[in-house]
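As structure tokens, the structure follows; a few thoughts come after it.
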Amino acid sequence: MEYIGFTYVSNFVSERVEEALFEAYNDVNRLLEEWRLPIRLVYLDKLILEPGYLITLETPEGKVRLFPLDVLVDFMDYRLKVELEKNDGLNMNKIFGITSFPLASRDKYFGFYEKFLGFQTERLGRRVMLLSMRPFESDSMRMALKILDNPLADDDLRSLAERVLSRELPAFKTRLIKGMLHEIGHSFGLEHCPNDCVMNPPQTLEEWDSRFLGYCDSCRRKLERNLLADTKGKD
Ligand SMILES: [Zn+2]
Ligand SMILES: [Zn+2]
């Protein structure tokens, strides 16, 4: 079995979104088991970064507050290293983090396309994967979260926002699951694919919603082959 450490990086996620995040985590593991793929996510814990690392970036979407990508990668790689030192012999050389803010570095702002796809890098044989949940939030979901976060919002407005959120969260969760499967696929050597498949990156949210929730036959075979080659390499 190949284990992937799972964490989420945030200082400001609403309880409802956090719930959806853990449902997505469970669903991904359930799907991997159903598909008989020997990969599992292992929840490590929430990663909290000091607010001092926060930067404000001018972007095409206006000013955005976020943690720089290089800082995130450092923290996650360190977290994985600590875990590996605790559990000697654990087959886990990958860590997956979900962030509630857009992915960007100090000098480069990723566009919508890249944000969807997340970011991966390798350090001394350890792979760090990051996925932002931001592109999976619809405008109405974002609006509802803003209202619920505002102490001045009155009860009528809050109950409206609650209803909107209940309607939007299931779709958000499914988008997130597809995004997680996409990144997991990359981490085991899959490339982008033109089929109805999670490895086919979307241009829009609608396109992502209509995408099949799973790997196409060709990606699945490739994934199985790569996993087998991985295991053999370790013998
Ligand atoms: Zn991709
Ligand atoms: Zn495919």
TODO: Count, please, the residues in the stretch 183-213 that happen to be among the acidic types (Asp, Glu), within 13 Å of ligand 2 (Cβ to nearest atom) and farther than 23 Å from GLY97 by Cβ.
DONE: 1
Open item on the list: Need pairs with beta-carbon distance below 6 Å; first residue outside any helix (DSSP H, G or I) and within the stretch 201-229, second open to solvent by 60 Å² or more (accessible area, probe 1.4 Å); sequence gap 6+ or separate chains.
Closed with: PRO201/HIS192; PHE212/ASP196; CYS216/ASN195
- [ ] Give just the number: which of (1) open to solvent by 20 Å² or more (accessible area, probe 1.4 Å); (2) over 17 Å from the mean Cα position of the chain (by Cα); (3) away from ligand 2 (no atom under 16 Å from the Cβ) does LEU165 not satisfy?
- [x] (1)
TODO: State whether one or more residues within the stretch 1-24 are more than 19 Å from the chain's Cα centre (by Cα) and more than 30 Å from ALA161 (Cα to Cα).
DONE: yes
Open item on the list: Looking at the stretch 15-44, I want the residues that are without any contact (Cβ under 8 Å) to a residue 40 or more places away in the chain and have a partner that is open to solvent by less than 30 Å² (accessible area, probe 1.4 Å) and not in a strand (DSSP E or B) with Cβ atoms under 6 Å, at least 6 apart or on another chain. Which pairs are those?
Closed with: ARG40/ASN29
TODO: Determine, yes or no, whether ASP149 is exposed (fewer than 12 other Cβ atoms within 10 Å of the Cβ) and more than 16 Å from ligand 1 (Cβ to nearest atom).
DONE: yes
Open item on the list: Checking GLY111 against (1) closer than 27 Å to MET199 by Cα; (2) modelled with pLDDT of 90 or more; (3) of a type outside the set (A, V, I, L, M, F, W, C): exactly one of these is not met. Which one?
Closed with: (2)
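The values are calculated or read from the model by the stated rules, or taken from the named source; none is laboratory data. None of the values given here were measured: they were computed from a predicted structure. Cβ atoms come from the backbone with ideal geometry, glycine included; neighbour counts cover every protein chain shown. The protein model used for the area step is the full one, side chains on, heavy atoms only, and it has no ligands, DNA or RNA in it. Shrake-Rupley method; radii C 1.70, N 1.55, O 1.52, S 1.80 Å.
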